[in-house]
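**Student:** One structure coming up, written as structure tokens, with questions to follow.
The values are calculated or read from the model by the stated rules, or taken from the named source; none is laboratory data. Keep in mind that what you see is a predicted model, and the values were worked out from it rather than measured. Glycine gets a Cβ as well: all are built from the backbone with ideal geometry, and neighbour counts include every protein chain shown.
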Amino acid sequence: MLAAQRPIIHAGQGVLYAEATEELVQIAEFLQAPVMTTLPGKSAFPEHHPLAVGASGPSTTLGVHRFLTRADLVFGVGCSFTMTGFAIPIPPGKTIVHTTNDEDAINKDYQCHFPVLGDAKLVLRQLLEALQAQAGAPRAVDTALQQEIKATKAAWLGQWMRKLTATTRPINPYRVMWDLMHTVDLDNVIVTHESGSAREYMVPFWEARQPRSFLGWGKSTQLGYSLGLAMGAKLAAPDKQVINVMGDMAFSTVGLDIETAVRCDIPILTIVLNNSYMSIYDNSRFPVALEKYDIKRLSGQFSEVAQAMGAHSEKITDPQEIVPALKRGLAAVEGGKDTVLEFITCDEGEYSKFSFR
């Protein structure tokens, strides 16, 4: 790892389970190595840190693409290195160091050159001691690297700002996510998403600052899971603002469970992105159902349903009303009221994807 010219750290959910974020930061700063996370590992490394390049779900950042593609060594910690549509592939020609507590994950999908079995927190502590013994002192701050990471993020965000700040109607869902991120207290929030388009809108762009402040998922793709996750998160951390972002299809599936949150006094904020359409899935997945039942067309008055179940609810159609509605919704939650905000959005099908082959 000390000999690598362009290392990158690939952090997974095991870092969160081991509560090893502090050790991960120390290793990254010692090596002056950029850090990316997996989808379920998002928030394992603070994304406002100058060495953070982002999370790697089906949609990812330009920083992940650039620094992983050119890396000569990939240090995976607390990850499985699984080949899946919910993780970006590791390009060929990389030296792989793999720290995991699961021996079955070693050499499962990628050849590992240096396997290390153990708890992420303990191994990272031992690794830091070994690095200190061999190198003597941490590397000097790599100002050029950190400036490149910052410039890469700025250039990538610049390409997306037309959607993140769109003023069109129906509302662009990226605008909802962007305004939400700039309205909440990022140091006192837990957010999660659905397994379809909501995941793609949020994962690359949301800045996760604290461990477990972002619950990333998707390898199991049951719609509606975010609502249960949010209720569980609120029960586990009642002092946090807890928010889940759903599409209309997800709310159609489990929306009546808002009544559970109301009845059990679990005040969370549910964001519904309603474009009356099943996005992200192409028509080849269900041609018969599409032809016979027009399965991708959806309907429903979700804010009215939520209100009938006792929640505070609003329907928002104007992009200029996003932030005021969010502030009202967060205030209602703070006052102990379960809240549903339904945003009437367009069918946005552009995602931040890159080729790693």
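**Student:** Test GLU47 against the criterion of being buried (at least 18 other Cβ atoms within 10 Å of the Cβ), in contact (Cβ under 8 Å) with a residue 60 or more places away in the chain and under 16 Å from the mean Cα position of the chain (by Cα), and give yes or no.
**Tutor:** Spelling it out, GLU47 is indeed buried (at least 18 other Cβ atoms within 10 Å of the Cβ), in contact (Cβ under 8 Å) with a residue 60 or more places away in the chain and under 16 Å from the mean Cα position of the chain (by Cα).
**Student:** Checking PHE45 against (1) farther than 30 Å from ALA198 by Cβ; (2) out of contact with any Gly (no Cβ under 6 Å at 6 or more places or on another chain), which single condition isn't satisfied?
**Tutor:** Going through the list (1) farther than 30 Å from ALA198 by Cβ; (2) out of contact with any Gly (no Cβ under 6 Å at 6 or more places or on another chain), PHE45 breaks only (1).
**Student:** Considering only strands (runs of 3 or more DSSP E) fully contained in the stretch 65-128, which possess at least 3 residues that are in contact with a Ser or Thr (Cβ under 9 Å, 6 or more places away or on another chain)?
**Tutor:** Of the strands (runs of 3 or more DSSP E) lying wholly inside the stretch 65-128, those with at least 3 residues that are in contact with a Ser or Thr (Cβ under 9 Å, 6 or more places away or on another chain) span 73-77, 114-117.
**Student:** Kindly indicate whether HIS98 is assigned by TED's automatic domain parsing to the domain that holds GLN126, in contact with a helix residue (DSSP H, G or I) (Cβ under 8 Å, 6 or more places away or on another chain) and crowded, with 22+ Cβ neighbours inside 10 Å.
**Tutor:** When the stated conditions are applied, HIS98 passes them.
**Student:** Then there is this: Based on this model, can you work out whether GLY228 counts as without any contact (Cβ under 8 Å) to a residue 24 or more places away in the chain, of a type outside the set (Val, Ile, Thr) and either assigned by TED's automatic domain parsing to the domain that holds VAL176 or part of a loop (DSSP other than H, G, I, E, B) (or both)? First the steps, then the outcome.
**Tutor:** On the way: without any contact (Cβ under 8 Å) to a residue 24 or more places away in the chain: no; of a type outside the set (Val, Ile, Thr): yes; either assigned by TED's automatic domain parsing to the domain that holds VAL176 or part of a loop (DSSP other than H, G, I, E, B) (or both): yes.
Answer is no for this residue.
**Student:** Please list, ordered by residue number, the strands (runs of 3 or more DSSP E) wholly in the stretch 234-326 having 1 or more residues that are surrounded by fewer than 22 Cβ atoms within 10 Å (Cβ to Cβ) and in contact with a helix residue (DSSP H, G or I) (Cβ under 9 Å, 6 or more places away or on another chain).
**Tutor:** 241-247, 312-316
**Student:** Could you check how many residues of the stretch 218-236 are more than 11 Å from MET246 (Cβ to Cβ) and at pLDDT below 95?
**Tutor:** Matching residues across the stretch 218-236 total 5.
**Student:** I'd like to verify a number: residues in the stretch 171-195 that are under 12 Å from the mean Cα position of the chain (by Cα), assigned to a loop (DSSP other than H, G, I, E, B) and of a type outside the set (Ser, Thr, Tyr), how many?
**Tutor:** 1
**Student:** While we're here: Which residues, taken from the stretch 129-154, are of a type outside the set (Ser, Thr, Tyr), touching a residue at least 40 places away in the same chain (Cβ under 8 Å) and closer than 24 Å to GLY54 by Cβ?
**Tutor:** PRO138, ARG139, VAL141, ASP142, LEU145, GLN146, ILE149, LYS150, LYS153
**Student:** For the stretch 23-44, which positions are surrounded by fewer than 22 Cβ atoms within 10 Å (Cβ to Cβ) and not in a loop (DSSP other than H, G, I, E, B)? Don't jump to the end; show me each part of the working.
**Tutor:** Looking only at the stretch 23-44, we keep the residues that are surrounded by fewer than 22 Cβ atoms within 10 Å (Cβ to Cβ), and these are 23, 25-26, 29-30, 32.
Result: GLU23, VAL25, GLN26, GLU29, PHE30.
**Student:** Can you find a residue that is within 18 Å of the chain's Cα centre (by Cα) and at positive phi anywhere in the stretch 214-221? Before the answer, list the steps.
**Tutor:** Within the stretch 214-221, the first condition is being within 18 Å of the chain's Cα centre (by Cα), and the residues that meet it are 214-221.
Next, only the ones that are at positive phi stay: 218.
Yes: the stretch 214-221 contains one or more residues that are within 18 Å of the chain's Cα centre (by Cα) and at positive phi.
**Student:** Another question, if that's okay. Hey, among GLN126, GLN132, GLN159, which residue is under 30 Å from ALA198 (Cα atoms), of a type in the set (S, T, N, Q) and surrounded by fewer than 18 Cβ atoms within 10 Å (Cβ to Cβ)? Before the answer, list the steps.
**Tutor:** Details: GLN126 fails: under 30 Å from ALA198 (Cα atoms); GLN132 fails: under 30 Å from ALA198 (Cα atoms).
Among GLN126, GLN132, GLN159, only GLN159 is under 30 Å from ALA198 (Cα atoms), of a type in the set (S, T, N, Q) and surrounded by fewer than 18 Cβ atoms within 10 Å (Cβ to Cβ).
**Student:** For the stretch 195-210, which residues satisfy the criterion of being surrounded by fewer than 21 Cβ atoms within 10 Å (Cβ to Cβ) and at pLDDT 95 or above?
**Tutor:** Within the stretch 195-210, GLU207, ARG209, GLN210 meet the criteria.
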